[in-house]
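What follows is a set of notes on a single structure, which appears directly below.
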Amino acid sequence: MKKVLFIDRDGTLILEPSTDFQVDSLEKLEFYPGVFQNLSKIAKELDFELVIVTNQDGLGTESFLYEDFIKPHEKILKAFKNEGIIFNDILIDKSFESENLPTRKPGIGMLGKYIYGDYDLENSFVIGDRLTDIQLAKNLNSKVIFINKIQNENAELTTENWNEIYQYLKQIPRKSKVSRKTNETDIKIEVNLDGNGNSDISTGLHFFDHMLEQISRHGNLDLKIKVNGDLQVDEHHTIEDTGIVLGEAILKALGKKKGIERYGFLLPMDDCLAQVALDFGGRSWLVWNAEFTREKIGDVPTEMFEHFFKSFTDSAKCNLNIKVEGENEHHKIESIFKAFAKAIKMAVNQSDQNFNLPSTKGSL
């Protein structure tokens, strides 16, 4: 799901003239200090679509013409484009005869594609300088950054500095929540790729919980996993569906994968040596070279381990190559999960300071 910055124009991207508050000529056009430098970094480094949402100026003035609005507006767009800032959408309410029309902010009549489309509004932001922008965020169930001198308790950040906006957005960890409910399982997973290795896991299978905790601790990511499955039938659906939802959650948290290592581990554990090679390249594949002589380890059938990783690769759209050598069955599977965790930690690390996509294809 895509995240959006819904950005007001006047008072946010450009300064409003103190005389009549109308940018109706090029002579009145002045850009907000720091907006080019910081918005270009946001566009390049972070996972947000940029959308302008603005009410047409001139409410209640008979002499105002739409052409007086659009000429400076086109100049604004060209100036931002020259700095590498491309707006994915530009929404302008032209019906300035009435403040009560649903297309006029804080109404959401213009934003249907974002409300009903594949967008993560909960983790999107409205950036604006007026109380109507705060109300718009509330109507969208989004967050708000308020460009104003006066603090507002409903805003995640109140500032008049675009560098503070960039720094605030940059420090937001890569998180996701995914729920999946079927006739066989009810699963809720939260993941924070930039976490500290904390976990809260309950699947109904104690050994499976122990293995999932390895992913959190050794992958240095936070995991919350709650599973209610049909264990009265057997373990199959619980393990399979957990793999599906965990893969989907990590894929969602990765976003556009800007600047990640993409690849990632070799790990010894007593008598065992586990090799896990991982590629978040967008293509699903599993190579599994692990044999077990025991039917179960703890309360988990050994045949389900391969199935778990296959389910993960399918939903995470990743390539996974797993090989293990050793004698102790417990050590073998635990070393695989630990190596898997280390591979994830390596692959999701954003090491590229230029935030390039690690592919010549242009997308992953």
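A short reminder: the numbers here are calculations on the coordinates, not readings from a lab. In this text, all values refer to a predicted model and were calculated from it rather than measured experimentally. Here the Cβ is made from the backbone with ideal geometry for all residues, glycine too, and neighbour counts use every protein chain on show.
Shown is the FRET efficiency for N152 and I115, computed with R0 = 22 Å from the Cβ-Cβ distance and rounded to the nearest 0.05: 0.40. Ranked by the mean number of other Cβ atoms within 10 Å of their residues, highest first, the peptides 186-198, 241-253, 218-230, 109-121 come out as 241-253, 218-230, 186-198, 109-121.
Think of segment 175-348 as a dipole: +1 on every Lys or Arg Cβ, -1 on every Asp or Glu Cβ, centred on the Cα centre; then among S179, S202, Y263, Y263 lies furthest on the positive end.
Taking a ≥ b ≥ c as the square roots of the Cα gyration tensor eigenvalues, with a/c under 1.5 meaning rounded and otherwise prolate when a/b beats b/c, else oblate, which class fits segment 214-274? Here segment 214-274 falls in the oblate category. Treating each Cα of the chain as an identical point scatterer and summing with the Debye formula, the log10 of I(q)/I(0) at q = 0.07, 0.08, 0.11, 0.15 Å⁻¹ comes to -0.40, -0.51, -0.81, -1.20. Counting beta carbons within 10 Å around each of S335, S40, S124 and listing the fewest first gives the order S40, S124, S335. In a reduced charge model with +1 at each Lys and Arg Cβ and -1 at each Asp and Glu Cβ, the chain shows a dipole moment near 680 debye about its Cα centre. Using the Cβ atoms and a cut-off under 9 Å, what net charge is assigned to the surroundings of H331, where Lys and Arg are +1 and Asp and Glu are -1? Result for the neighbourhood of H331: -4.
Cross-link reach is defined here as a Cα-Cα straight distance under 17 Å, omitting same-chain residues fewer than 8 places apart; for K175 the lysines meeting it are K2, K3, K143, K188, K224, K226, K252, K256, K257, K258, K345.
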